[in-house]
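For reference, the structure discussed in these notes is given below.
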Amino acid sequence: MRYSKQTILQEIGEVGQAKLAEAKVAIVGCGGLGSIVAPYLAGAGIGHLTLIDADIPDITNLHRQVVFKEGETSTKSAALAQYIKALNSNVNVIAIEKMISKANISDLLEDHDLVIECTDDMMTKYMVNDYCHWKKIPMVYGAIYKFDGYVSLFENDNDQSIHLRDVFPEPDLDVPSCSEIGVLNVIAGLIGLLQANEALKYLLGIGENLSGKLLTYNVLNNDQLKLKLKKTWNLDIEAMFNSQSYVEVSCLNVPEISYEDLLSNIENYKVVSILEDNEHVDISISNVRAPMSTINLDDWSNENQATVFYCMSGKRSAKIVEQLLLKNSMLDIYSLKDGFKGIQNSKLKIKN
């Protein structure tokens with residue numbers, strides 16, 4: 001009875017519903033996209049969902065991550081798992097409260113019938129793509145940027161299957177995350193629903209899926225394009241996966257300091273916020289502001305005090321520190337690890 005409005009459809013029926021019940025799907029990232037994908041798959045009757053995310057929701061997430069509550073203290077994966085259990089107790093849902101990495105990706109994704117990539121991190125997207133193509137695991141791709149969204153299905157059923165690197169051969173590390181550049185909330189909902197739709201069509205074997213195509217959608221003018229993709233990337237994907245660190249070069253090369261270490265000795269540092277004027281935060285630890293769009297590196301290339309730069313995620317501040325060290329390798333400068341996001345996730349609070 002639960003799925004009767006679905007099984008009455010000739011294209012699905014009881015046979016299709018049984019396919020969904022047997023399916024094992026991993027959702028990587030439980031934020032703006034994943035928190036939309038998971039409930040709809042659970043509602044449709046997917047038998048097993050693995051939710052992977054270690055982040056804790058913050059207040060700036062809630063405009064697009066509408067399944068979470070104000071003051072949520074659980075990780076996104078754990079909170080989403082609880083939501084799904086209340087929605088459909090028939091679903092076997094597992095929350096993985098850790099970030100996916102090269103070290104654990106095999107343990108987390110093997111034995112799944114489908115992976116849905118829902119993160120907001122460029123390097124993670126490429127890592128999951130490369131692993132899935134290598135291991136022949138189909139993957140639904142989704143991404144959002146301001147008012148635009150992108151969806152595709154990479155079936156990965158043979159070495160010549162089209163995947164993310166055929167569309168974008170290398171990650172563009174200058175593309176900011178949603179928390180940095182901003183995003184209209186409804187685009188997350190729309191793209192998440194389209195990802196869920198691709199997943200259901202693939203698992204049921206119905207309709208025309210987006211394999212070999214990239215769907216783009218703009219919410220400002222409702223323009224929708226379906227681009228046909230070509231096979232352009234023919235390097236050894238296994239060798240690529242094994243040789244890549246999947247950590248941004250800047251994050252590997254620049255000195256970082258954790259929020260806890262900074263807080264314990266903050267009087268000895270000049271703390272510089274490179275957040276833009278439209279990036280509002282509820283905690284300020286900086287005594288200097290120098291928005292990244294207007295910062296003059298020459299003003300900082302001879303700084304004689306220990307200095308910590310921070311942004312929203314730690315990526316832009318790492319680039320600033322890297323560029324300054326190229327100008328003067330003797331500078332005592334650091335990027336705040338994970339940026340303001342690291343502050344939000346920390347249990348420590350600044351005493352006023």
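A few comments on the model shown:
- Selection of first residues in the stretch 35-64 that are assigned to a loop (DSSP other than H, G, I, E, B) and of second residues that are basic (Lys, Arg) and surrounded by fewer than 21 Cβ atoms within 10 Å (Cβ to Cβ), restricted to Cβ pairs under 9 Å at least 6 apart or on distinct chains, gives the following pairs, ordered by first then second residue: Gly45/Arg2; Ile46/Lys24; Gly47/Lys24; Asp53/Lys98; Ala54/Lys98; Pro57/Lys69; Leu62/Lys69.
- In a residue-by-residue description of the stretch 283-303, the property of being under 25 Å from the mean Cα position of the chain (by Cα), of a type in the set (Asp, Glu) and in a helix (DSSP H, G or I) applies to no position.
- Every pair of residues 6+ apart whose Cβ atoms lie under 8 Å, when the first sits in the stretch 227-241 and is touching a residue at least 40 places away in the same chain (Cβ under 8 Å) while the second is assigned to a loop (DSSP other than H, G, I, E, B) and small (Gly, Ala, Ser): Leu229/Gly212
- Of all the listed residues (Tyr202, Tyr269), the sole one being at pLDDT 90 or above, under 27 Å from Val128 (Cα atoms), out of contact with any Gly (no Cβ under 9 Å at 6 or more places or on another chain) and aromatic (Phe, Trp, Tyr) is Tyr202.
- Unique match (being surrounded by fewer than 20 Cβ atoms within 10 Å (Cβ to Cβ) and either farther than 24 Å from Glu279 by Cα or among the charged types (D, E, K, R) (or both)) among Asp53, Asp130, Asp113: Asp113
- Sub-6 Å Cβ pairs linking a first residue in the stretch 258-273 that is in contact (Cβ under 8 Å) with a residue 60 or more places away in the chain to a second residue that is part of a helix (DSSP H, G or I) and surrounded by 14 or more Cβ atoms within 10 Å (Cβ to Cβ), at least 6 apart or interchain, are Tyr259/Gly342; Tyr259/Ile343, ordered by first then second residue.
- Of all residues in the stretch 67-82, those that are of a type in the set (Val, Ile, Thr) and either at pLDDT 95 or above or surrounded by 15 or more Cβ atoms within 10 Å (Cβ to Cβ) (or both) total 2.
- Hey, Asn242 farther than 30 Å from Val186 by Cα, in a loop (DSSP other than H, G, I, E, B) and in the same structural domain as Tyr141 (by TED's automatic domain parsing) or not: no
- Ile59 farther than 19 Å from Thr119 by Cβ, of a type in the set (A, V, I, L, M), within 20 Å of the chain's Cα centre (by Cα) and surrounded by fewer than 16 Cβ atoms within 10 Å (Cβ to Cβ): yes
- Subset of the stretch 208-224 (residues that are surrounded by fewer than 14 Cβ atoms within 10 Å (Cβ to Cβ) and within 13 Å of Leu194 (Cβ to Cβ)): Gln224
- Pair list, Cβ under 6 Å, 6 or more apart: the stretch 96-125 residue on the phi < 0 side of the Ramachandran plot, other residue modelled with pLDDT under 95 and aromatic (Phe, Trp, Tyr): Lys102/Tyr246; Met123/Tyr246
- In the stretch 122-171, the qualifying residues are those that are within 18 Å of Ile52 (Cβ to Cβ) and among the basic types (Lys, Arg), and the one that is nearest to the chain's Cα centre (by Cα) is Lys125.
- For Gln195, the criteria (1) touching a helix residue (DSSP H, G or I) at 6+ places or on another chain (Cβ under 8 Å); (2) at pLDDT below 90; (3) crowded, with 19+ Cβ neighbours inside 10 Å hold in every case but one, which is (2).
- Residue within the stretch 256-278 that is over 30 Å from Ile343 (Cβ atoms), assigned to a strand (DSSP E or B) and of a type outside the set (Phe, Trp, Tyr) present: no
- Counting the residues of the stretch 17-34 that are in contact with a helix residue (DSSP H, G or I) (Cβ under 9 Å, 6 or more places away or on another chain), under 17 Å from Leu108 (Cβ atoms) and either β-branched (Val, Ile, Thr) or not in a loop (DSSP other than H, G, I, E, B) (or both) gives 5.
- Test set (1) within 30 Å of His63 (Cβ to Cβ); (2) at pLDDT 90 or above - Asp172 fails condition number: (2)
- Condition met for Lys85 (charged (D, E, K, R) and crowded, with 21+ Cβ neighbours inside 10 Å): no
- Filter pass, Lys136 being surrounded by 21 or more Cβ atoms within 10 Å (Cβ to Cβ), at pLDDT 95 or above, assigned by TED's automatic domain parsing to the domain that holds Ile162 and of a type in the set (Lys, Arg): no
- Filter result (surrounded by fewer than 12 Cβ atoms within 10 Å (Cβ to Cβ) and among the hydroxyl-bearing types (Ser, Thr, Tyr)) within the stretch 1-27: Ser4
- From the options Ser250, Ser245, residue that is at pLDDT below 90, small (Gly, Ala, Ser) and crowded, with 19+ Cβ neighbours inside 10 Å: Ser250
The values are calculated or read from the model by the stated rules, or taken from the named source; none is laboratory data. Quick caveat: nothing in here was measured; it's all calculated off a predicted structure. Don't worry about glycine lacking a Cβ; one is built from the backbone with ideal geometry, like all the others, and counts go over all protein chains shown.
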